[in-house]
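Accompanying notes for the structure given below.
The values are calculated or read from the model by the stated rules, or taken from the named source; none is laboratory data. None of the values given here were measured: they were computed from a predicted structure. Cβ coordinates were reconstructed from backbone atoms using ideal geometry, including for glycine residues, and neighbour counts include every protein chain displayed. These area figures cover heavy atoms from the full protein model, side chains too; ligands, DNA and RNA do not enter into them. Shrake-Rupley method; radii C 1.70, N 1.55, O 1.52, S 1.80 Å.
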Amino acid sequence: MGKRRWGDRRDGTLIRDIDAMHYVMPLMYPNRCDNEAFMSMTVDIAGTEEYIRKFNAEHPEARISIFDLVIAAMLKTIRLRPQMNRFIANKNVYQRNNITAAFTVKKEFRDDGDETLARVVAEDGDTLADISAKVRSQISFCKKEDDESTDAMNVIKKLPFKHLIGLVARFLDRHGWMPQSVIATDPYQCSVVLSNLGSIGMNIGYHHLMNWGTTSIFVIVGTKKFKPSYDAQGNVTMKKVIDLSFTIDERISDGFYYGKSMKLLKKLLENPELMEGKLSEEVRL
């Protein structure tokens with residue numbers, strides 16, 4: 001990241017050489033939720049599960065899960081496909097300054113169990129093991145403590161004039177001026193938000209984006225299941241898979257770029273050994 005210039009935000013650099021179509025789109029279609037593109041993908045996890053079993057046998061003190069792999073693969077995809085790390089705020093297009101993933105953690109699996117927010121910040125030198133360790137650390141912390149944003153929201157909840165607070169907050173958010181203590185772990189200030197519905201036995205579905213914050217991508221991870229697969233001759237085999245769904249702000253790039261990015265993500269998930277190197281290490285499609 002270079003020196004901050006006029007028009008940049010603390011969380012993003014204004015894209016000044018953008019093409020005319022992507023310059024105009026935020027002016028014509030200013031709301032993120034009005035510009036959602038929905039996609040889904042099926043991942044063959046037979047080899048992936050074998051990799052997880054082998055890794056966990058060799059590293060019993062640092063076990064990984066399928067959700068760790070999805071987070072790591074998304075972060076690596078975003079690192080190697082930088083347009084996936086763009087966001088639109090106040091009708092301008094920005095390149096995010098860091099690569100982050102967010103997810104919620106339920107403290108107890110009960111109807112009245114509290115939820116808190118987890119956030120993973122990726123570095124270029126991170127490997128799959130590093131990302132997994134960060135995820136484990138966040139989950140462990142969130143099971144015991146409230147995150148910074150939840151603490152801030154608990155304070156706001158006690159204040160009067162909630163409608164005025166909402167107006168001021170949206171103005172500050174639009175310009176990137178929200179206090180860091182409020183948005184420190186806000187999932188909608190991240191590169192991607194993920195929801196592991198498979199962990200509670202649910203399949204994928206559609207999840208909207210938010211006009212609040214800067215997040216341009218939401219990913220849902222479904223449950224593991226067997227699905228028929230057909231070859232060119234029409235023969236059928238049953239394969240173990242997971243389905244992923246994606247809701248993406250279509251204004252940040254184009255369909256060709258999204259398609260190539262999804263192809264990379266699928267390759268990483270079906271070949272986890274490609275994530276053993278540094279996050280910034282290139283992967284050939």
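Key figures
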quantity: Residue 247 being assigned to a loop (DSSP other than H, G, I, E, B), open to solvent by less than 20 Å² (accessible area, probe 1.4 Å) and on the phi < 0 side of the Ramachandran plot; calculated: no
quantity: Residues (free of Cβ contacts under 8 Å to residues at least 60 places away in the same chain, of a type in the set (Val, Ile, Thr) and either part of a strand (DSSP E or B) or crowded, with 22+ Cβ neighbours inside 10 Å (or both)) located in segment 215-230; calculated: 220
quantity: Conditions (1) modelled with pLDDT under 95; (2) of a type in the set (Asp, Glu); (3) under 15 Å from the mean Cα position of the chain (by Cα): number failed by residue 249; calculated: (1)
quantity: Qualifying residue in segment 11-19 (condition: within 24 Å of residue 134 (Cβ to Cβ) and either in contact with a Ser or Thr (Cβ under 9 Å, 6 or more places away or on another chain) or open to solvent by less than 20 Å² (accessible area, probe 1.4 Å) (or both)); calculated: yes
quantity: Lone qualifier among 274, 265 - being more than 30 Å from residue 177 (Cβ to Cβ), surrounded by 14 or more Cβ atoms within 10 Å (Cβ to Cβ) and in contact with an Asp or Glu (Cβ under 9 Å, 6 or more places away or on another chain); calculated: 274
quantity: Residue tally, condition more than 24 Å from residue 223 (Cα to Cα) and among the hydrophobic types (A, V, I, L, M, F, W, C), over segment 191-211; calculated: 1
quantity: Leading residue by the ranking (modelled with the lowest pLDDT) among those in segment 180-213 that are open to solvent by less than 60 Å² (accessible area, probe 1.4 Å) and in a helix (DSSP H, G or I); calculated: 182
quantity: Which listed residue is farther than 21 Å from residue 215 by Cα and touching a residue at least 12 places away in the same chain (Cβ under 8 Å), from 269, 244, 264; calculated: 269
quantity: Qualifying residue in segment 44-57 (condition: more than 21 Å from the chain's Cα centre (by Cα), among the basic types (Lys, Arg) and over 13 Å from residue 262 (Cα atoms)); calculated: yes
quantity: Failed item, numbered, when residue 241 is tested on (1) in a helix (DSSP H, G or I); (2) out of contact with any helix residue (DSSP H, G or I) (no Cβ under 7 Å at 6 or more places or on another chain); calculated: (1)
quantity: Residue 24 vs. criteria β-branched (Val, Ile, Thr) and surrounded by fewer than 16 Cβ atoms within 10 Å (Cβ to Cβ); calculated: yes
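Let's see how each residue does on (1) part of a helix (DSSP H, G or I); (2) aromatic (Phe, Trp, Tyr); (3) at pLDDT 75 or above:
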site	(1), (2), (3)
138	yes, no, yes
142	yes, no, yes
151	yes, no, no
160	no, no, yes
164	yes, no, yes
168	yes, no, yes
171	yes, yes, yes
174	yes, no, yes
178	no, no, yes
